[in-house]
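Colleague: Quick one: the structure is below, questions incoming.
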Amino acid sequence: ERTQAKVAESRSDVLSDNGAGARPGDDRHSSRWSRSEPTRRPVEEEEPSRPLEVGGVYRGQVTNVVDIGCFVRLQNVSARRREGLVHVSQLENRRVGHPSDVVSREDLVWVKVLSVDNDRNRISLSMKEVDQATGMPLAPNGGGG
C-alpha cells in the first residue's frame, strides 16, 4: 500500500499543471512532449516491398525541394538506395518556374523511375509521366486523356 501511494504521488507530481513537487530534471520530459507540431511520417501502404525497376511506378514522399527539382523517398521498395531526384523538367508538362510551385516537403506523390545509376548512387524520377491522382502511368509525353 505504501508503495502504491508513493507511485500515485509521484505520478501526480509529474502530471500536475504547476509542476509543484516535481524533481529537478523533470522539465526535460515536459519539453519533449510539448512540441508545437508532430513530425509527419510517410503513410506506408499495405503493399509489400518490391524491387526497384526502371519504368516502375512508385509512391513516394517529397523529402526536399531545391532549385533543380525535388528529392523523393520511395515507399515499399526493397533497394539499398530509396531516394531519387525529380528534375524540374520532369515535374509537369508545362514550364515550372521553381519546384516549390508544384511540390512541398512531405507531399505524397507518384513517380516513375527513369534511370538507376548504381555507380553514382543516383535514381532519376519523373512525376509528369504518372497521373498524380491514380498512380497510373501516362504516355512519355505526359498525355493520357
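The values are calculated or read from the model by the stated rules, or taken from the named source; none is laboratory data. Predicted model only: the values in this text are computed from it and were never measured. Cβ sites come from the backbone with ideal geometry, for glycine too, and all protein chains shown count toward neighbours. For the accessible areas, the whole protein counts, side chains as well, though only heavy atoms, and no ligand, DNA or RNA atoms are used. Shrake-Rupley method; radii C 1.70, N 1.55, O 1.52, S 1.80 Å.
Colleague: To the nearest 20 debye, what is the magnitude of the charge dipole of segment 56-126 about its Cα centre, counting +1 on the Cβ of each Lys and Arg and -1 on the Cβ of each Asp and Glu?
Modeller: 220
Colleague: Same structure again: Okay, which of segment 53-86 sit inside 20 Å, backbone N to the point 7 Å along the Cα-Cβ direction of Asp101?
Modeller: 64-71, 86
Colleague: Could I ask something else about it? Pull up all non-local amide H partners of Asp131: gap of 5 or more, or a different chain, and H-to-H distance under 5 Å with H placed in the peptide plane.
Modeller: For Asp131, the qualifying residues are Met136, Leu138.
Colleague: Under a point spin-label approximation (7 Å from Cα along Cα-to-Cβ), what is the Asn118-Arg81 distance to one decimal in nm?
Modeller: Reported label-point gap for Asn118 and Arg81 is 1.1 nm.
Colleague: If you count only protein heavy atoms with a 1.4 Å probe, what accessible area per residue comes out for segment 56-126, rounded to a whole Å²?
Modeller: Values: 3680 Å² over 71 residues.
For segment 56-126, the per-residue accessible area is 52 Å².
Colleague: Express the carbon and sulfur contribution to the solvent-accessible surface of segment 56-126 as a percent, rounded to the nearest whole number, probe 1.4 angstrom. It would help to have the intermediate numbers written out before the result.
Modeller: On the way: 1510 of 3680 Å².
Percent of accessible area from carbon and sulfur atoms in segment 56-126: 41.
Colleague: All other residues with a Cβ under 14 Å from the Cβ of Leu125 taken together, and with Lys, Arg as +1 and Asp, Glu as -1, what is their net charge?
Modeller: +1
Colleague: Taking amide hydrogens as modeled 1.01 Å from N in the peptide plane, which residues meet the under 5 Å criterion relative to Glu83, leaving out close sequence neighbours?
Modeller: Leu74
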